[in-house]
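Each value in this text was obtained by applying a stated rule to the coordinates, not by laboratory testing. Everything numeric in this text was worked out from a predicted model, so none of it was measured. Positions of Cβ are backbone-derived with ideal geometry, glycine not excepted, and every protein chain shown enters the neighbour counts.
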Amino acid sequence: MNNISFLTGSELPFCKGCGHATITQNTEKALQKMGIDLLDVILVTDIGCHGIVDKSFLTHTVHGLHGRSVALGGGIAAAISNPTKKVIVFVGDGGATIGMQHLIGAAHLGFDMTVVVHNNMLYGMTGGQPSEFTPCGFKTPTLPEGSNKAGYDLCELITAAGASHVQRVVGIGDYSDVLVNAFTAKGFSLVEVMEICPSYGVKSNPGMKLSKLVEDSGLIIKTFVSEKDKVYSKPVNPNPKSLISDKFEVTTKHTHNLSKPVSIMLSGSAGEGIQSAAEFLSKAAMIAGLNTTKKGSYPVTVGVGFSASEIIISPEQILYTGSPIPDVLVITSVDGLNYARAAAGKMKGGILLIDETLEAPTTGAQVIKVPFRERVGARNSAMYSIFWYLNHSNIFAMDALKDVFMGNKISEKVQIETMLKF
Ligand SMILES: Cc1ncc(C[n+]2csc(CCOP(=O)(O)OP(=O)(O)O)c2C)c(N)n1
Ligand code: SF4
């Protein structure tokens, strides 16, 4: 037991008689009984009336999106993985409805945390809409005829999902020991506190008593499971390989002739190497001492239709990706032509390199027809187009692009000489 104050001392932000206030007071008392330090508590709150209490707590607090507080809390618990710290999540029945999968998942994975569900059987903050926890017959301002079905039995669900400690309690008086039991359990614990919202629940159901309502709804007040030593088993590899370590390391090896940025759009068909060609061009520009950005566009069905990439190459730092009106537009197929027609129409200058089999779209750019497909076939046409463009523009040393090409598996299948016939 300690006498640390876990609350700011200013008034709690709830309507008079709201059960959320009782949960706040019982939480403080439970934490004092545990003798835990203020800053060893991480309180994650959800959206809703209960969530605005975070400004009253002197502990660490995190305010989550509606229904996502359990996912946030689970992430924090997994990341700190420290038995001296206590992660507590406050969520309403509305947030529990929206984030049910997170609750089941967190119980299933056994995250070391406690969820306190503020079940006032409706969405309080937004004026009393029913949630999936609204009991049969319970009326709300937006459901004045009363619910015609039973609400979820959350405790049964979470017990079945594998939680270590689950208890339901009627939120009246001192139930701090119930919270102590949950807070001190190892692994995932949950307490469902039954309440009525005086502003919407009581008004819509005059004379209804909380204990009677809970009893009539068939929700049992009890401890559903209490395996207090069940521990969190890490669901993921504890020593994952860094995603950064094998990134492309850039050393300038070649020269360039660029004094201002140039934007290039490659537009062709899925499966014809547009994204690879864009990547090769970007990497080559980097080893020629330039900055580059690359933005890929393709339909969700990645195997058919167009594929396009917008590349910017510049001697200066570039703070954005994409260039809807390129300086250079390369079109290698019919799909690419259809995709890039609008961009071509906006070009007032620059160059348009287009496969010689295609009819050039309306454009203010200088049009150059090149037999991309005929020279190297459809699959390599995009790759060939960047060699062709680099040879034509000389914006940086061709040796940079040759280096990137030769360092890739493609060079085992495609002779580099094929790419160098202009
Ligand atoms: C994803 C999402 N849906 C809806 C809302 C609007 N909204 C804000 S508070 C709230 C009701 C909250 O009810 P509950 O979670 O039960 O908490 P209570 O207010 O009763 O404490 C809703 C629907 C939102 N903020 N985010
Ligand atoms: S509206 Fe209801 S849930 Fe919200 S603070 Fe008031 S009594 Fe509590």
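Overall shape: prolate for the stretch 253-333, with the ratio a/c of the largest to smallest alpha carbon gyration tensor axis at 1.5 or above and a/b above b/c. Centre-to-centre separation between the Cα atoms of the stretch 96-133 and those of the stretch 1-75: 16 Å. With distances taken between every two different alpha-carbon atoms, the stretch 157-215 has a Kirkwood hydrodynamic radius of 13.1 Å.
Applying a threshold of 18 Å to the alpha-carbon distances of K33/K86; K253/K295; K86/K228; K29/K230 flags K253/K295; K29/K230 as lying beyond it.
Long hydrophobic helices in the chain, taken as whole DSSP H segments with a C-alpha length of 15 Å or more on their own axis and mean Kyte-Doolittle hydropathy at least 1.0: 69-80. Each label point was placed 7 Å from the Cα along the Cα-to-Cβ direction; for I80 and E412 their separation is 4.9 nm. Shape analysis of the stretch 128-179 yields a ratio of the Cα radius of gyration to the Kirkwood radius, Rg/Rh, of 1.08. Along the stretch 82-94 the Karplus relation, 6.51 cos²θ - 1.76 cosθ + 1.60 evaluated at θ = phi - 60°, assigns HN-Hα couplings of 10, x, 7, 9, 10, 9, 10, 10, 9, 9, x, 5, x Hz to successive residues, with x for each Gly and Pro.
FRET efficiency for I368 and K348, Cβ-Cβ distance as r, R0 = 22 Å, nearest 0.05? With R0 = 22 Å, the Cβ-Cβ based efficiency is 0.85.
Would you mind telling me the antiparallel percentage of the DSSP bridges in the stretch 262-419, rounded to 5? Antiparallel bridges: around 55 percent, rounded to the nearest 5.
On full extension, the segment bounded by K295 and K421 gains 42.5 nm, given 0.36 nm per residue less the C-alpha separation. Using only Cα positions of the stretch 262-419, each an equal point scatterer, no hydration layer, compute I(q)/I(0) via Debye at q = 0.11, 0.13, 0.15 Å⁻¹ and quote the log10 values to two decimals. At q = 0.11, 0.13, 0.15 Å⁻¹ the computed log10 ratios are -0.37, -0.53, -0.72. Tell me which lysines have Cα within less than 16 Å of K212's Cα, excluding those fewer than 8 residues away on the same chain? Reachable lysines: K139, K222.
For the stretch 357-422, the list of trypsin sites (Lys or Arg not before Pro) that fall in a loop by DSSP and count at most 15 other C-beta atoms within 10 angstrom reads R379, K409, K421. Listed peptides 212-218, 386-392 appear in the order 386-392, 212-218 once ranked by packing, highest mean of other Cβ atoms within 10 Å at the front. Below 14 Å, Cα to Cα, which aspartates and glutamates can K294 reach? Residues fewer than 8 away in the same chain don't count. Partners within reach: E279, E310.
Give me the percent relative contact order of the stretch 149-226, please, defined on Cα pairs under 8 angstrom at least 6 residues apart. Don't jump to the answer; show the numbers that get you there.
Details: 94 pairs, mean separation 32.4, N = 78.
Once normalised by length, the contact order is 42 percent.
When the Cα convex hull of the stretch 1-54 is projected onto planes of every orientation, the mean area is 3.8 nm². Qualifying trypsin sites (Lys or Arg not before Pro) in the stretch 312-360, where qualification requires a DSSP coil assignment and no more than 12 other C-beta atoms within 10 Å, comprise K348. Kirkwood radius and radius of gyration were both taken over the C-alpha atoms of the stretch 74-190, and their ratio Rg/Rh is 1.01.
Under 5 Å from the amide H of H63 lie the amide H atoms of T45, each residue being 5 or more positions distant or on a separate chain, with H modelled from the backbone and absent for Pro and chain starts. Restricting the calculation to alpha carbons of the stretch 19-226 gives Rg and Dmax of 15.8, 49 angstrom.
Net length available on complete extension from K253 to K186 is 18.5 nm, with 0.36 nm assigned per residue and the Cα-Cα distance removed. Here the contact order of the chain, divided by its residue count and restricted to Cα pairs under 8 Å and six or more residues apart, works out to 11 percent. For V367, the residues whose modelled amide H falls within less than 5 Å of its own, excluding neighbours fewer than 5 places apart on the same chain, are L352.
Our estimate of slack between V202 and H63, defined as 0.36 nm per intervening residue step minus the Cα-Cα distance, is 47.3 nm.
Distant-in-sequence amide contacts of G305, defined by a placed amide H-H separation under 5 Å and a gap of 5 or more residues or a different chain, comprise A270.
Within the shell of other residues whose beta carbon sits under 14 angstrom from the beta carbon of P130, the net charge comes to -1, with Lys and Arg scored +1 and Asp and Glu -1.
The phi-based Karplus calculation (6.51 cos²θ - 1.76 cosθ + 1.60; θ = phi - 60°) puts the 3J(HN,Hα) values of the stretch 314-320 at 8, x, 9, 5, 10, 9, 8 Hz, whole numbers, x for Gly and Pro. In whole angstrom, note down how far apart the Cα centers of the stretch 134-162 and the stretch 349-402 are. The distance from the Cα centre of the stretch 134-162 to that of the stretch 349-402 comes to 64 Å. The relative contact order of the stretch 262-419, computed from alpha carbon pairs under 8 Å that lie at least 6 residues apart in sequence, is 24 percent.
Counting other Cβ atoms within 10 Å as a rough exposure proxy, the listed residues T321, T301, T134 run T301, T321, T134 from fewest neighbours to most. Rg/Rh, computed from the Cα trace of the chain with Rh as the Kirkwood radius, has the value 1.21.
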